[in-house]
Amino acid sequence: MQLDIESIYREHNALLEGHFLLSSGNHAQFYLQSAKVLENPKIAEALAHELAKQIKEHGLAVECVCAPALGGIIAGYELARAIGVRFIFTERVEKKMTLRRGFEVAKDEKVLICEDIITTGGSAMEAATCVKNMGGEIVAFAGLASRGFCKRTLAKHTFSMETNKPECKLLDNVPFFALADFDFTMYEPNNCPLCKDSKPYKPGSR
């Protein structure tokens, strides 16, 4: 039975409406607060197993899952556990994504990059660059949900009919797996209709 991701986010008060300042600097009316979903270990496990099922159906060889901190850590760890491989994470040091804490990537090691939510894929690509710089191979990207900017891999060996939107930063030739699409509009700060009524705030600041 396929999970209803939107219902899960709503049930956990994780689909927020307001005026949000995103990490990209853009603004949005809606925000997915995955931490409210992932605080329940059984839900986190169920979501990761559903995502792992998609990945296994494609026959991808994955040797390691890497997630950018902070948002991707729980989702990435649970996905690694579901697949049965090791888990590492990158983090920002002086605003630069870095692989530290003694984590290493072997030459040609097959690594999947996992986030909780993939918007444009900017943070995922920064993590991927860290892995590639150590000699690893990026075999896939994954997220619990997509904000609709990057096309998802659907049936085996096929991609969705849509193309990536210009904002998408993921690699075109690498599969991207997610459980659902949430196609929310993003606004540039100087062209945001929401700013007429209120100032944006970062999710978690309240």
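Using only Cα atoms, find the angle between the long axis of helix 122-133 and the longest principal axis of the chain, and express it within 0 to 90 degrees, rounded to the nearest 10.
20
Ordering Thr90, Thr163 from largest to smallest accessible area (1.4 angstrom probe), what's the sequence?
Putting Thr90, Thr163 in descending order of accessible area: Thr163, Thr90.
Round to a whole number: what % of the accessible area of the chain belongs to carbon and sulfur, probe 1.4 Å?
Answer for the chain is 49 percent, counting heavy atoms of protein chains only.
Between the helical axis of 41-57 and the dominant principal axis of the chain, each derived from Cα atoms, what acute angle in degrees is found, rounded to the nearest 10?
Helix 41-57 sits roughly 60 degrees off the main axis of the chain.
Let me have the relative contact order for region 54-150, percent, based on Cα pairs under 8 Å that are six or more residues apart.
31
Between the alpha-carbon centers of region 131-150 and region 169-206, tell me the distance in whole angstrom.
For region 131-150 versus region 169-206, the Cα centre distance is 18 Å.
Distance cut-off 32 Å, Cα to Cα: go down the list Lys132/Lys196; Lys56/Lys202; Lys42/Lys107; Lys169/Lys199 and report the pairs above it.
Violating the 32 Å Cα-Cα cut-off are Lys132/Lys196; Lys56/Lys202; Lys42/Lys107.
Ranked by accessible surface with a 1.4 Å probe, highest first, in what order do Ile74, Ile138 come?
Sorted by accessible area, descending: Ile74, Ile138.
Please compute the length gained on full extension between Arg92 and Lys53, using 0.36 nm multiplied by the number of residues separating them and subtracting their Cα-Cα distance.
The span from Arg92 to Lys53 would gain 11.0 nm if fully extended.
With an 8 Å cut-off on Cα pairs and a minimum separation of 6 or more residues, tell me the relative contact order of the chain in percent.
Over the chain, the number comes to 22 percent.
Ignoring everything except DSSP H segments at least 4 long, calculate the 222 nm mean residue ellipticity for the chain; use -39,500 (n - 2.57) per segment, divide by total residues, nearest 500.
-7500 deg cm²/dmol
Name the cysteines of the chain that stand alone by the Cβ rule: no other cysteine Cβ under 4.7 angstrom.
Within the chain, the cysteines lacking a partner Cβ under 4.7 Å are Cys64, Cys66, Cys114, Cys130.
Give, in nm to one decimal, the length gained when the segment between Leu70 and Asn173 is fully stretched (0.36 nm per residue of separation minus the Cα-Cα distance).
Net length gain for the segment: 34.5 nm.
Would you compute, for the Cα atoms of the chain, the largest minus smallest coordinate along each principal axis and list the three values in descending order, in whole Å?
Answer, in whole Å and largest first: 51, 43, 34 Å.
Provide the solvent-accessible area of His27, counting protein heavy atoms only and rolling a 1.4 Å probe, rounded to the nearest 10 Å².
Its accessible surface works out to 10 Å², give or take rounding.
Evaluate the charge dipole of region 41-173 about its Cα centre and quote only its size in Debye, nearest 20, assuming +1 on the Cβ of each Lys and Arg and -1 on the Cβ of each Asp and Glu.
80
Between Lys42 and Leu3, what's the calculated FRET efficiency when r is the beta-carbon distance and R0 is 22 Å? Round to 0.05.
It comes to 0.95.
Angle between the Cα long axis of helix 73-83 and the longest principal axis of the chain, 0 to 90 degrees, nearest 10?
40
In region 66-107, which GluC sites (Glu not before Pro) are in a loop and have at most 15 other Cβ atoms within 10 Å, using DSSP for the loop call?
Passing both the DSSP loop test and the Cβ count: Glu94, Glu104.
With charges set only on the Cβ (+1 for Lys and Arg, -1 for Asp and Glu), what does the dipole of region 71-128 come to about its Cα centre, in debye to the nearest 20?
Dipole of region 71-128, to the nearest 20 debye: 160 debye.
Per residue, how much accessible surface does the chain expose to a 1.4 Å probe? Answer in Å², no decimals.
Per-residue value: 54 Å².
The values are calculated or read from the model by the stated rules, or taken from the named source; none is laboratory data. No experiment lies behind these values; they were computed from the predicted model shown. Here Cβ is always computed from backbone atoms with ideal geometry, including for glycine, and neighbour counts include all displayed protein chains. Just so you know, the surface numbers come from the protein's heavy atoms only, side chains and all, with ligands and any DNA or RNA stripped out. Shrake-Rupley method; radii C 1.70, N 1.55, O 1.52, S 1.80 Å.
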